[in-house]
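One structure is given here, and the rest of the page talks about it.
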Amino acid sequence: MNGKPNIAVITGGHSGEYEIAVQSGENIYKQLDKNRFDVCLILMKGNSWSFRTASGEVVEVDKNDFTLPLPQGRIRFDAVFIAIHGTPGENGKLQGYFDMLGIPYVGCKADISALTFNKYLCNTYLKAFQVLMTDSVHLYRHETADTEAIISQLGLPCFVKPCGSGSSVGVTKVKSAKDLQAAIKEAFVYDDEILIERFVPGRELACGVVALDHEPKVIAITEICPKKEFFDYEAKYQAGLSDEITPADIPAEWQRQCEEESVRIYKALGCSGIVRIDYIANEQGLYFIEVNTIPGQTGGSIVPKQLAWRGWDFSELCTKLLDEVLEKK
């Protein structure tokens, strides 16, 4: 290439969030400054990690060293922008691969990604920091679910969710005892361990946070108002099924608490890059739901909308994040 840093934007993946990841990856690719970087969009689908040239030729990545063997020369990447929601981009697997190759990447480290992707492990860790969250029951696939005892402990309605999935894939809101076993079975389709959580009434808030110059800053708080039972996969990605209000029209005290708690959680976990932290807020407090270490970054996703409201240029932010990881080389 032309002496500029070689950047790979890797997208796709192996989860139910594949299509959204592709959209996020394409948007990030468009946003990156081609005057500053030579950028290749790498699509991961199954065992294929491929790059499509300007002429339409598909070239497979050499996984031994994450290089592109092009006719005009082998491309070695200086940094990677991971745009994969779910596995293997959000759970630490790709990060560990790049760590072994010594290739820096934008976003959280391998161990932090693995921790935050598993909802049970993340909750267990954050309880040590007195983060408020709802009661839950954790189950492995080999365990027998005592549905009567679970309902006695958590009540109805409750939420059943895979420990390791995003975009509400495999999540069910259970309102009747007769539906709990089916919801558990559905969640186990997507993971070997699940969480069953007590329902908390309130308003759903999503807080975007990014570290610039190693200092976490809140981007904005968005209130999510789904027009379905909850903010499920369809409500997230089908137009008209939810209202996402930025900035959230919430009491000043709620805003202060949400901003401070989000920065505290970001620091406690040792996050990097852009993350989104989700909550349910009511008069009793701010209940932590989950951390998204690679939040949606399509044109219609929450974080890009937050950046637009804040007046932060998405392209400039991506450049800044890449510059910071390139400095580590």
Notebook entry, point to check: Placing +1 at every Lys and Arg Cβ and -1 at every Asp and Glu Cβ, with all other atoms neutral, what dipole size does the stretch 112-219 have around its Cα centre, in debye to the nearest 20?
Noted result: 280
Next item on the list: Starting at the first residue of the stretch 141-157, write each ³J(HN,Hα) from the Karplus equation 6.51 cos²θ - 1.76 cosθ + 1.60 with θ = phi - 60°, in whole Hz, x for Gly and Pro.
Entry: 4, 6, 8, 8, 7, 8, 5, 5, 5, 5, 5, 4, 7, 9, x, 10, x
Margin query: Please compute the length gained on full extension between A128 and D99, using 0.36 nm multiplied by the number of residues separating them and subtracting their Cα-Cα distance.
Written below: 7.6 nm
Next item on the list: Take the solvent-accessible surface of the protein heavy atoms, probe 1.4 Å, and return the percent of it on the chain that carbon and sulfur atoms account for.
Entry: 49
Next item on the list: For helix 252-269, report the angle its Cα long axis makes with the longest principal axis of the Cα atoms of the chain; keep it between 0 and 90° and round to the nearest 10°.
Entry: 60
Next item on the list: Could you list, in their original order, any pairs among K34/K93; K4/K328; K217/K305 whose Cα atoms are separated by more than 20 Å?
Entry: K34/K93
Notebook entry, point to check: Just the accessible area per residue of the stretch 123-191, please: how many Å² with a 1.4 Å probe?
Noted result: 52
Next item on the list: Measure nothing fancy, just the Cα-based angle from helix 18-31's long axis to the longest principal axis of the chain, in degrees from 0 to 90, nearest 10.
Entry: 50
Check: How high is the FRET efficiency between E290 and E19 when r is their beta carbon distance and R₀ equals 25 Å, given to the nearest 0.05?
Finding: 0.75
Notebook entry, point to check: Can you give the three extents of the C-alpha atoms in the stretch 84-154 along their principal axes, from longest to shortest, in whole Å?
Noted result: 50, 30, 17
Checklist line | Per-pair calculated FRET efficiency, R0 = 45 Å: E143 and K4 via Cβ, rounded to 0.05 | finding: 0.30
Next item on the list: Identify which of H214, H138, H14 has the largest mean-square fluctuation in a Gaussian network model of the chain, with springs joining Cα atoms closer than 10 Å.
Entry: H214
Check: So which trypsin sites (Lys or Arg not before Pro) in the stretch 97-173 end up in coil per DSSP with only 11 or fewer other C-beta atoms within 10 Å?
Finding: R141
Check: Between rounded, prolate and oblate, where does the stretch 237-329 land on the alpha carbon gyration tensor, with a ≥ b ≥ c its root eigenvalues, rounded for a/c under 1.5, else prolate if a/b exceeds b/c?
Finding: oblate
Check: Rounded, prolate or oblate: which fits the stretch 290-329, taking a ≥ b ≥ c as square roots of the Cα gyration tensor eigenvalues, rounded meaning a/c under 1.5, else prolate when a/b beats b/c?
Finding: oblate
Checklist line | Accessible area (Å², per residue) of the stretch 5-85, counting only protein heavy atoms and a probe of 1.4 Å | finding: 44
Next item on the list: Hand me the GluC sites (Glu not before Pro) from the stretch 293-329 located in a DSSP loop with no more than 12 other Cβ atoms within 10 Å, in residue order please.
Entry: E327
Notebook entry, point to check: For the stretch 55-188, what Kirkwood radius comes out of the mean inverse Cα-Cα distance, in Å?
Noted result: 17.9
Note to self: Which of rounded, prolate or oblate describes the chain when judged by the alpha-carbon gyration tensor and an a/c cut-off of 1.5?
What the structure shows: prolate
Check: For helix 314-326, what angle does its Cα long axis make with the longest principal axis of the chain, in degrees from 0 to 90 and rounded to 10?
Finding: 70
Note to self: Running a GNM on the chain with Cα contacts under 10 Å, which residue among P304, P71, P247 ends up with the highest mean-square fluctuation?
What the structure shows: P71
Next item on the list: For S176 paired with E283, estimate the spin-label separation in nm (one decimal), with each label point 7 Å from Cα along the Cα-to-Cβ line.
Entry: 3.2
Next item on the list: Multiply the residue gap between D323 and R310 by 0.36 nm, knock off their C-alpha separation, and tell me the result in nm, one decimal place.
Entry: 2.5 nm
Check: Given +1 on the Cβ of Lys and Arg, -1 on the Cβ of Asp and Glu, and no further charges, what dipole in debye does the stretch 239-321 carry about its Cα centre, rounded to the nearest 20?
Finding: 340
Notebook entry, point to check: So, in nm, how far is label D65 from label R256 when the simple model puts each one 7 Å beyond its Cα toward the Cβ?
Noted result: 5.6
Item checked: In the stretch 64-152, the chymotrypsin sites (Phe, Trp or Tyr not before Pro) that fall in loop regions by DSSP, at most 13 other Cβ within 10 Å -> F129
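The values are calculated or read from the model by the stated rules, or taken from the named source; none is laboratory data. Quick caveat, the model's predicted, so the values are computed rather than measured. No Cβ is skipped: glycine too gets one built from the backbone with ideal geometry, and neighbour counts run over all protein chains shown. Note: accessible area is taken over every heavy atom of the protein model, side chains too, but ligands, DNA and RNA are not part of it. Shrake-Rupley method; radii C 1.70, N 1.55, O 1.52, S 1.80 Å.
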